[in-house]
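All remarks here apply to the structure that follows.
The values are calculated or read from the model by the stated rules, or taken from the named source; none is laboratory data. The shown structure was predicted, so the numbers you read here are calculated from the model rather than taken from an experiment. Cβ: placed from backbone, ideal geometry, glycine included. Neighbour counts: every protein chain shown. Surface accessibility is based on the protein's heavy atoms, side chains included, excluding ligands, DNA and RNA. Shrake-Rupley method; radii C 1.70, N 1.55, O 1.52, S 1.80 Å.
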Amino acid sequence: MKNILVTGGTGFLGSNICKYLVNNGFKVTVFDNNSRGKLKRLESIKKKINFYQGDIRNKNKLKKAFKKIDTVIHLAYINGTQYFYEKPIEVLDVGVKGIFNILEICKEKKIKNFFLASSSEVYQTPNKIPTDEKEILKVPDIYNPRYSYGSGKIISELLSIYYGK
């Protein structure tokens, strides 16, 4: 696992993961459209990474970032309560079409290491806290835009299982 692609790498979590990886000897490629992230978060490592700006829904642009990659860490989503209500269709589109593109490219390139970050949004009101991965994934009201992010995450998890990642 030497060459790692981090989607959403300029976000808060992504940028910190990128710094950790670079500081531990990994070659890092970042793919992000900076709609929520900031490239300046990677200022301290910018000369040690490859950066591609683009939307994960654009498969052709995304594919260019997959040069010599053997591991993908997928963090590119639109989150935040404001966006759930203002842009629920876009939240779902990025979550679903994005993961679909990433997994198809992973399959084409025979990438065996794939890490998907999820969210407690997929559990909504869990039966137990702390919540483990055995908790049922649920969307309590498919017509409420509030659950678009959780729905996108559930579909992402199902697609990653389907693709065998």
Exercise for the section: Please go through region 37-69 and pick out each residue that is closer than 22 Å to residue 108 by Cβ and either in a helix (DSSP H, G or I) or of a type in the set (D, E, K, R) (or both). Expected result: 55, 57, 59, 60, 61, 62, 63, 64, 67, 68
Completion exercise
Per the filter on region 126-161, residues out of contact with any helix residue (DSSP H, G or I) (no Cβ under 6 Å at 6 or more places or on another chain), among the aromatic types (Phe, Trp, Tyr) and in contact (Cβ under 8 Å) with a residue 40 or more places away in the chain are 147
Problem - Where a residue in region 48-66 is within 14 Å of residue 9 (Cβ to Cβ) and its partner, wherever it lies, is aromatic (Phe, Trp, Tyr), with Cβ under 6 Å and at least six apart - result: 52/31; 65/31; 65/52
Exercise for the section: State whether the residues of region 75-91 include one that is in a strand (DSSP E or B) and within 14 Å of the chain's Cα centre (by Cα). Expected result: no
Problem - Every residue from region 126-149 that is over 25 Å from residue 88 (Cα atoms) and open to solvent by less than 100 Å² (accessible area, probe 1.4 Å) - result: 131, 132
Problem - Filter result (assigned to a strand (DSSP E or B) and either hydrophobic (A, V, I, L, M, F, W, C) or more than 26 Å from residue 60 (Cβ to Cβ) (or both)) within region 1-36 - result: 4, 5, 6, 28, 30, 31
Completion exercise
In region 1-56, anything touching a helix residue (DSSP H, G or I) at 6+ places or on another chain (Cβ under 8 Å), of a type in the set (Lys, Arg) and surrounded by 16 or more Cβ atoms within 10 Å (Cβ to Cβ) is listed as 19, 41
Fill in the blank from the handout: Within region 101-125, residues being surrounded by 15 or more Cβ atoms within 10 Å (Cβ to Cβ), assigned to a helix (DSSP H, G or I) and at pLDDT 90 or above number 6
Exercise for the section: Could you look through region 64-100, keep only residues that are exposed (fewer than 15 other Cβ atoms within 10 Å of the Cβ) and under 21 Å from residue 3 (Cβ atoms), and pick out the one that is modelled with the highest pLDDT? Expected result: 64
Exercise for the section: Test residue 159 against the criterion of being assigned to a helix (DSSP H, G or I) and either over 22 Å from residue 30 (Cβ atoms) or out of contact with any Asp or Glu (no Cβ under 6 Å at 6 or more places or on another chain) (or both), and give yes or no. Expected result: yes
